[in-house]
1. So which pairs qualify, if the first residue must be in the stretch 63-86 and on the phi > 0 side of the Ramachandran plot, the second must be open to solvent by 100 Å² or more (accessible area, probe 1.4 Å), the Cβ gap must be under 7 Å, and the two must be at least 6 apart or on different chains?
2. (1) open to solvent by 60 Å² or more (accessible area, probe 1.4 Å); (2) more than 20 Å from Ser9 (Cα to Cα); (3) touching a residue at least 12 places away in the same chain (Cβ under 8 Å): which one isn't true of Phe35, the others all being true?
3. Name the residue, out of Ser57, Ser40, that is within 22 Å of Arg14 (Cβ to Cβ) and open to solvent by 60 Å² or more (accessible area, probe 1.4 Å).
4. Take Tyr73 and tell me if it is more than 23 Å from Arg14 (Cα to Cα), touching a helix residue (DSSP H, G or I) at 6+ places or on another chain (Cβ under 7 Å) and surrounded by 11 or more Cβ atoms within 10 Å (Cβ to Cβ).
5. Does the stretch 23-30 contain at least one residue that is under 17 Å from Phe64 (Cα atoms), part of a loop (DSSP other than H, G, I, E, B) and open to solvent by less than 50 Å² (accessible area, probe 1.4 Å)?
6. Considering only the stretch 38-74, state which residues are assigned to a loop (DSSP other than H, G, I, E, B) and acidic (Asp, Glu).
7. List every residue pair whose Cβ atoms lie under 9 Å apart, where the two residues are 6 or more positions apart in sequence or sit on different chains, the first residue falls within the stretch 11-28 and is closer than 14 Å to Ile80 by Cβ and touching a residue at least 24 places away in the same chain (Cβ under 8 Å), and the second residue, located anywhere, is among the charged types (D, E, K, R) and surrounded by 11 or more Cβ atoms within 10 Å (Cβ to Cβ).
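The values are calculated or read from the model by the stated rules, or taken from the named source; none is laboratory data. Worth saying up front: this structure is predicted, and the values here are computed from it rather than measured. Counting neighbours? That spans all protein chains shown, and the Cβs are built from the backbone with ideal geometry, glycine included. SASA here: full protein model, heavy atoms, side chains in, ligands and nucleic acids out. Shrake-Rupley method; radii C 1.70, N 1.55, O 1.52, S 1.80 Å.
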Amino acid sequence: MSVTVYFTSVSGSREVKQQQSEIFQFLDSKKIKYFTEDISQSPEKKEEMRKKVGNQSAMPPQVFNGGKYCGDYQKFFDAIEEGKAEAFFKL
């Protein structure tokens, strides 16, 4: 299985940029290999992300492991606070 993070390289929101950065920094620090999907590069990627999440208004970052949905930034943050990062990433 592989972790995939849907993100956007084009965002006017500092909050979104910070959230994405925190997820990438965590994955890098734990040496967890991951793939990225930039939804700003194609409307199809955004639709794919939203369909997988099951929410037509979902915003990045969204995290998956294989075909399983892990969650959004808030779920990531909650898992880190509870010491359950491995469970969040389904590792």
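1. Cβ pairs passing all conditions: Gly66/Met1.
2. Looking at each condition in turn, Phe35 falls short on (2).
3. Checking each option against the conditions leaves just Ser57.
4. Judged against the criteria, Tyr73 is not a match.
5. Scanning the stretch 23-30, I find no residue that is under 17 Å from Phe64 (Cα atoms), part of a loop (DSSP other than H, G, I, E, B) and open to solvent by less than 50 Å² (accessible area, probe 1.4 Å), so the answer is no.
6. Across the stretch 38-74, there are no qualifying residues.
7. Within 9 Å, the pairs are Gln19/Asp72.
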